[in-house]
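The values are calculated or read from the model by the stated rules, or taken from the named source; none is laboratory data. Being a predicted model, the structure only gives us computed values, none of them experimental. All Cβ positions, glycine included, derive from the backbone under ideal geometry; neighbour counts span all protein chains shown. In case anyone asks, the SASA skips ligands and DNA or RNA and just uses the protein heavy atoms, side chains included. Shrake-Rupley method; radii C 1.70, N 1.55, O 1.52, S 1.80 Å.
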Amino acid sequence: MNVLEFQDISVIYQNGKTAVHNVSFTVPEHSIVAVVGESGSGKSTLIRAAMGLLSTGGSVSQGRILFEGENLLGFSKEQIRSIRGSEMAMIFQDAGDYLNPRRKIGPQYIETIRCHIQVSKKEAGQIALDMLSRLKLADPERIMRSYPFQLSGGMRQRAAIAMAMSMHPKLLLADEPTSALDVTVQAQVVQEMLKLREDMGTAIVIVTHNMGVASRMADYIAVMKNGYLREFGARDQVINAP
Ligand code: ADP
Ligand code: ADP
């Protein structure tokens, strides 16, 4: 069973630029797929298409994107939003900037957890503290009491990553989630994503320009070049390709 399947997807922007050409690949259940390639090769465009979040002027001009066998492109905005709130979570490079600026981390985080798992507020608070400290955030109690603006960019980013992971989604779509973080923190995030897959069976699609991250995490690697899928295959097969 595939969680996600790109079938002959092309994406065009209003200015006439075709950013993705006829891309097909699948994300099997519980698997991790890294999408790699140079800047501008279409990685973000591809992953945003799957989330129904193409930037203004972008549209899928052909193909289908199946989520658990159903074509996401035929979904209404409501349906997409409902899946995004439950089965699909995403993390952007600047995810920390999308936290609610008017609410402290703790209440936002606890509410996010309780939307997805049936636990008491107290238990949710414990889960949150635990995840924050696993992402190497010192003094997680203080983080929970802080507004986003009271934290550094890197701390906000990790708080946002923690929240997305606590949703225990079936599919996690991550667009350069760690590229703005320190190397040691990056490694920790990678480890926690692997643990999420291990514990919850979450399938992960991660866009990264970091081949180290890709080779440590991925079961499969998709290589994008100039909007085309140049290669897709098992990690070792792609890494060892001539
Ligand atoms: P990557 O994630 O691999 O860096 P992108 O998907 O961001 O690549 O971009 C792919 C191509 O599409 C690039 O040439 C980029 O300039 C172009 N592009 C991205 N967003 C837009 C947009 N909103 N309008 C026009 N062109 C865009
Ligand atoms: P990234 O690849 O890390 O997402 P970019 O700098 O390529 O960052 O893009 C930043 C924003 O600008 C994105 O929303 C992208 O869709 C948009 N963008 C990128 N290239 C173009 C372009 N040629 N024309 C218009 N918008 C673009």
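Quick look at the numbers
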quantity: Of Lys77/Lys121; Lys17/Lys43; Lys17/Lys225; Lys170/Lys195, pairs whose Cα-Cα distance is over 23 Å; calculated: Lys77/Lys121
quantity: Share of carbon and sulfur in the accessible heavy-atom surface of the stretch 15-138 [1.4 Å probe, %]; calculated: 46
quantity: Accessible surface, the chain, averaged per residue in Å² (probe 1.4 Å); calculated: 48
quantity: Taking all pairs of distinct alpha-carbon atoms in the stretch 93-216, Kirkwood radius in angstrom; calculated: 14.5
quantity: Given charges at Cβ of Lys, Arg, Asp, Glu: the stretch 106-238 dipole, positive-most of Thr208, Ser120, Gln157; calculated: Ser120
quantity: Cα gyration tensor category, rounded, prolate or oblate, for the stretch 10-81 with a/c compared to 1.5; calculated: oblate
quantity: For the stretch 99-154, fraction of C-alpha pairs farther apart than 15 Å, in %; calculated: 45
quantity: Cα-based Rg of the chain normalised by 2.2 N^0.38 Å, two decimals; calculated: 1.00
quantity: Candidate aspartates and glutamates for bridging to Lys136, where Cα separation is under 12 Å - those fewer than 8 sequence places away on the same chain excluded; calculated: Asp182, Glu192
quantity: Calculated diffusion of the stretch 54-117, Stokes-Einstein form, Kirkwood radius summed over Cα pairs, 20 °C and 1.002 mPa s, µm²/s; calculated: 150
